[in-house]
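Accompanying notes for the structure given below.
The values are calculated or read from the model by the stated rules, or taken from the named source; none is laboratory data. Since the structure is predicted, the reported quantities are computational estimates derived from the model, not experimental observations. Ideal geometry is used to build each Cβ from the backbone, glycine not excepted, and the neighbour counts take in all protein chains shown. Heavy atoms of the whole protein, side chains included, go into the accessibility calculation; ligands, DNA and RNA do not. Shrake-Rupley method; radii C 1.70, N 1.55, O 1.52, S 1.80 Å.
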Amino acid sequence: MVRKILLFIVALVCSSHIQAQIYSSDELFKEANAGNKDAQYTLAKAYEDGFYGLSKNDALAISWYTKAANNGHSRAAFVLGMRYVTSDPKVGLEWLEKSGRSGDLQAMTNLGYLYSGRQTFSGSTLPPDFAKSLYWYEMAASNGDTYSYGYIGWYYYEGQGTARNYAKAVEKSFGAKPQKLVYFIKYNKQELL
């Protein structure tokens, strides 16, 4: 029975195209020091979480995340952005934008959220920049994030970050989920008339 479960797990992992590099401790340090961005990210994560027999060390984690991000590792840039956005928002947003430009979908949606002026993850707020928020939500939507469509539609509906346009609001809001159109019309019919 255990063997069948293990075979199922192996088949599941192989079929889902998950690619993970597994290193020995010696290989990890060698590859990270040679400039391998994936090894640098893995080493940063190891220092952050205490993996590979390493003690947790936040300073070394940040150092390796920075090296990986500077070598083009988008997830490392995302991690740095999320770490810094509460203590140094300018630096945090720069890292998140680098990650978003590299295609990290979570960075794109978080940038849309953060630029909207809503409360950050630490409870503080950043000054709203609706044009940037709209840009990042549109980037996220174009990369498959259906969650972002609602915000895009709302910005067109309210004229935040763009000109008010009810037709585009409906198109952008419900392009991903047309079944929500009935709900939208029901609760906004006074303003639509």
Partner aspartates and glutamates for K37 [C-alpha distance under 20 Å; skip if fewer than 8 residues away on the same chain]
D26, E27, E48, D49, D58, E94, E97, D104
Residue-ordered couplings for region 36-44, obtained by feeding phi - 60° into the Karplus form 6.51 cos²θ - 1.76 cosθ + 1.60 and rounding to whole Hz (Gly and Pro as x), are 6, 5, 5, 5, 4, 5, 4, 5, 4
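Given a Förster distance of 45 angstrom, what is the FRET efficiency for A59 paired with R164, based on the Cβ-Cβ distance and rounded to 0.05? Kindly include the intermediate steps, with their values, before the conclusion.
Details: r = 48 Å, r/R0 = 1.08.
That pair, A59 with R164, gives E of 0.40.
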Expressed as a whole-number percentage, the relative contact order of region 52-97 with C-alpha contacts under 8 angstrom and at least six residues apart is 25
W64: accessible area at probe 1.4 Å, nearest 10 Å²?
20
If you only keep lysine pairs separated by 8 or more in sequence, or across chains, how many in region 41-179 come under 17 Å at the Cα atoms?
8
Would you kindly derive the ³J(HN,Hα) couplings of region 66-78 from the backbone phi angles with the Karplus curve 6.51 cos²θ - 1.76 cosθ + 1.60 (θ = phi - 60°), listing them in order in whole Hz, with x for Gly and Pro?
5, 4, 5, 5, 5, 8, x, 7, 5, 5, 5, 4, 4
Starting at the first residue of region 83-88, write each ³J(HN,Hα) from the Karplus equation 6.51 cos²θ - 1.76 cosθ + 1.60 with θ = phi - 60°, in whole Hz, x for Gly and Pro.
5, 8, 4, 8, 8, 9
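Note the full-extension length gain between F29 and Y52 as 0.36 nm times their separation in residues minus their Cα-Cα distance, in nm to one decimal. Please report the intermediate quantities before stating the final value.
On the way: separation 23, 0.36 × 23 = 8.28 nm, distance 1.06 nm.
So the chain would gain 7.2 nm between F29 and Y52.
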Hey, can you grab everything whose amide H is under 5 Å from the amide H of T125? Only 5+ residues off in sequence or another chain; H modelled, so Pro and N-termini drop out.
T120
